[in-house]
Each structure stands twice: as C-alpha cells, then as structure tokens.
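> Shown below is the structure under consideration.
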C-alpha cells in the first residue's frame, strides 16, 4: 500500500485562497501581506491534491460507503507525492488547535488531501513606475521526490485557483491571477512544475495625497517670494529654504519603506522636476 506500485500516478493539484474571517491587527492571518523592503509576500492558502491509488479501492467491499475521512496520522502511512513550493521562503502548516491536514479516501481509490498553510514567497518588484506600478508574484508547486517518469502533475480544471472572497489590501489590489504548467529539466530528469502568478496593482491614492499634492502646494507657496519687496531678503530666503526642506521631508516619508534601488522611479522624476 505504501509506494508498492510502479505505475504512473496522475496528481491534480489546485490552490484556493481561504475566506477572510479575522480582522485582528496588525494583519489578519488570512489576508495577504506585502513587505516591499525585502520583496516578499505572505498569504494563507488551502492546497488541494487528488490522486489515485489502486491499493486503496474499497467500493467492492462496502458499496454503501462512498468515502472515508482521516487525519494526518493515517496520511503519513500512505504513499504521497511529496509536493512543495520550491521557491517559497518559508512554509508552515497551521497547527491551531490541531494540525490542519485533511484526508479523504473515495471508494474508487481516489485520495483527496487538503493542507491549510501559511506561505511566504518571493516577489521581485520593479519600481520604475512607482507609485503607479503593478507587481507580479509567482509561486511554483512541484513534487520534490518524483520526476515525470513516476508522477505527472496538472492543474485541477476548470478552477485551478479559487478566491473565496475578493482580496483587499491597504496598499495593493489583486487585479488578476493565472496558472501555467511546464516541464523543468534537472540533473535527475524532467519535473512537472505548476506555477501560479498573482498580479497586484498598487493603490496610489495615499501617494497622491501625501506626495504629489503637498509638493504642488509647497511650490505654489514658494512663489510668494516673487511678490515680496526687493529688501525682503530674509523672508525670501526663509520661504525658499523651508520649501526645499518640506519637499525633502515629503520625499523621504514616501520612500523610506521601499527597497534601495539604483534605477530612477516615477516619483523620483516628479520630485526632481517640480523644483525646476
């Protein structure tokens, strides 16, 4: 029963974001969070896997019983595809109040497993259009132990990824997601890789109110120096210096939580162009 068959097993994997149910600060456990300083994002998700094991067929013994549910202790004694997110920074199965692993065996030998996990993944951000940018984050799912000669993987259709509720973040909005399935070459052979891509669009309202509008107001105030008399040198100097300091403070307040990058961002162009 435990890995005794050599036949290929078809694994149908699907991902589903859970329902947002908690609102306890600083961040609800079911709500994705971004850390732009280190280019990572964290989210809770349910991972569903389906595969067939002929050794577990029982419908001929009890036709009235269509399925049987177990916990993870039984799952540890069965053959499993040993799947994982190969590009994750950190991944953990929830264990409150018990280990959140679900196993259901159907009469025809089909197994359904469900894991509730907290996952931290990479998100390589391109900030050239900041704060009017979009970010694309990828998660790649594959079997760690078995290549395509032993396990074939594909997305569960027609809904490989399901959102139980719209995702609303303070700084981002999920605008799209997509899935792809490819074969990746390794020294030990070919592996099926299932990748899901999340596209997040930044909410720029805060930056308009805290960056663009204040800089325009500061520039307008600095024009007052042109209406002062020729002898009001201290007043003109004070207005110019205060305007420059105000813009520097506003710019620093916006970029302090961003990663240090060497290329020019859209907001850099604005801040450098406005004083001219």
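> Can you tell me which condition residue 267 does not meet? The list is (1) surrounded by 16 or more Cβ atoms within 10 Å (Cβ to Cβ); (2) more than 22 Å from residue 34 (Cβ to Cβ); (3) modelled with pLDDT of 90 or more, and all the others hold.
Among (1) surrounded by 16 or more Cβ atoms within 10 Å (Cβ to Cβ); (2) more than 22 Å from residue 34 (Cβ to Cβ); (3) modelled with pLDDT of 90 or more, the lone unmet condition for residue 267 is (2).
> Yes or no: residue 43 over 22 Å from residue 193 (Cβ atoms), buried (at least 17 other Cβ atoms within 10 Å of the Cβ) and assigned by TED's automatic domain parsing to the domain that holds residue 190?
Criteria not met by residue 43.
> Yes or no: residue 178 out of contact with any helix residue (DSSP H, G or I) (no Cβ under 9 Å at 6 or more places or on another chain) and either closer than 30 Å to residue 155 by Cα or surrounded by 12 or more Cβ atoms within 10 Å (Cβ to Cβ) (or both)?
Values: out of contact with any helix residue (DSSP H, G or I) (no Cβ under 9 Å at 6 or more places or on another chain): yes; either closer than 30 Å to residue 155 by Cα or surrounded by 12 or more Cβ atoms within 10 Å (Cβ to Cβ) (or both): yes.
When the stated conditions are applied, residue 178 passes them.
> Still on this model: Can you pull out the residues in the stretch 69-93 that are part of a loop (DSSP other than H, G, I, E, B), over 21 Å from residue 151 (Cβ atoms) and without any contact (Cβ under 8 Å) to a residue 40 or more places away in the chain? Don't jump to the end; show me each part of the working.
Kept after step one, since they are part of a loop (DSSP other than H, G, I, E, B), are these residues of the stretch 69-93: 71, 76-82, 86-89.
Cutting the leftovers down to over 21 Å from residue 151 (Cβ atoms) gives us 71, 89.
Passing the criteria: only 71.
Yes or no, residue by residue, for (1) exposed (fewer than 13 other Cβ atoms within 10 Å of the Cβ); (2) assigned by TED's automatic domain parsing to the domain that holds residue 85; (3) in contact (Cβ under 8 Å) with a residue 40 or more places away in the chain:
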position: 154; (1), (2), (3): no, yes, yes
position: 160; (1), (2), (3): no, yes, yes
position: 172; (1), (2), (3): no, yes, yes
position: 187; (1), (2), (3): yes, yes, no
position: 192; (1), (2), (3): no, yes, yes
position: 214; (1), (2), (3): no, no, no
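> May I ask you to list the residues in the stretch 85-98 that are surrounded by 15 or more Cβ atoms within 10 Å (Cβ to Cβ) and more than 17 Å from the chain's Cα centre (by Cα)?
94
> Let me ask something else about it. Looking only at the stretch 142-151, how many residues end up being more than 25 Å from residue 40 (Cβ to Cβ) and crowded, with 17+ Cβ neighbours inside 10 Å? Before the answer, list the steps.
Quick first cut of the stretch 142-151, residues more than 25 Å from residue 40 (Cβ to Cβ) only: 145-151.
So of that shortlist, the ones also crowded, with 17+ Cβ neighbours inside 10 Å come out as 146-147, 151.
The qualifying residues number 3.
> Just the residues that are part of a strand (DSSP E or B) and modelled with pLDDT under 85, please, taken from the stretch 32-54. Lay out the reasoning, then the answer.
The initial filter retains those residues of the stretch 32-54 that are part of a strand (DSSP E or B), namely 33-35, 40-52.
Of everything in the stretch 32-54, those that are part of a strand (DSSP E or B) and modelled with pLDDT under 85 turn out to be 33, 34, 35.
> Still on this structure, please answer the following. Every residue in the stretch 247-264 that is surrounded by 11 or more Cβ atoms within 10 Å (Cβ to Cβ), under 16 Å from residue 128 (Cα atoms) and free of Cβ contacts under 8 Å to residues at least 24 places away in the same chain, please.
Across the stretch 247-264, the qualifying residue is only 255.
> Further question on the same structure: Return the only residue of 119, 111, 139, 127 being crowded, with 17+ Cβ neighbours inside 10 Å, part of a loop (DSSP other than H, G, I, E, B) and touching a residue at least 40 places away in the same chain (Cβ under 8 Å). So that I can check it myself, show each step before the final result.
Numbers: 119 fails: part of a loop (DSSP other than H, G, I, E, B); 111 fails: part of a loop (DSSP other than H, G, I, E, B); 139 fails: part of a loop (DSSP other than H, G, I, E, B).
The conditions single out 127.
> Would you mind stating whether residue 26 is touching a strand residue (DSSP E or B) at 6+ places or on another chain (Cβ under 9 Å), outside any strand (DSSP E or B) and either closer than 26 Å to residue 178 by Cβ or modelled with pLDDT of 85 or more (or both)? Give the derivation first.
Values: touching a strand residue (DSSP E or B) at 6+ places or on another chain (Cβ under 9 Å): yes; outside any strand (DSSP E or B): yes; either closer than 26 Å to residue 178 by Cβ or modelled with pLDDT of 85 or more (or both): no.
It is false that residue 26 is touching a strand residue (DSSP E or B) at 6+ places or on another chain (Cβ under 9 Å), outside any strand (DSSP E or B) and either closer than 26 Å to residue 178 by Cβ or modelled with pLDDT of 85 or more (or both).
> Continuing with this model, one more query. Within the stretch 152-171, is even one residue outside any loop (DSSP other than H, G, I, E, B), out of contact with any strand residue (DSSP E or B) (no Cβ under 7 Å at 6 or more places or on another chain) and over 21 Å from residue 41 (Cβ atoms)? Don't jump to the end; show me each part of the working.
At the first step, the residues of the stretch 152-171 found to be outside any loop (DSSP other than H, G, I, E, B) are 152-155, 161-163, 168.
In the following step, the residues that additionally are out of contact with any strand residue (DSSP E or B) (no Cβ under 7 Å at 6 or more places or on another chain) were identified as 168.
Filter once more, keeping what is over 21 Å from residue 41 (Cβ atoms): none.
Within the stretch 152-171, not a single residue is outside any loop (DSSP other than H, G, I, E, B), out of contact with any strand residue (DSSP E or B) (no Cβ under 7 Å at 6 or more places or on another chain) and over 21 Å from residue 41 (Cβ atoms).
> From the list 180, 208, which one is assigned to a strand (DSSP E or B) and either within 30 Å of residue 243 (Cα to Cα) or without any contact (Cβ under 8 Å) to a residue 40 or more places away in the chain (or both)? So that I can check it myself, show each step before the final result.
Numbers: 208 fails: assigned to a strand (DSSP E or B).
Within the list 180, 208, the selection yields 180.
The values are calculated or read from the model by the stated rules, or taken from the named source; none is laboratory data. Please read all numbers here as calculations on a predicted model, not as lab measurements. In this analysis, Cβ positions are derived from the backbone assuming ideal geometry, glycine residues included, and neighbour counts consider all displayed protein chains.
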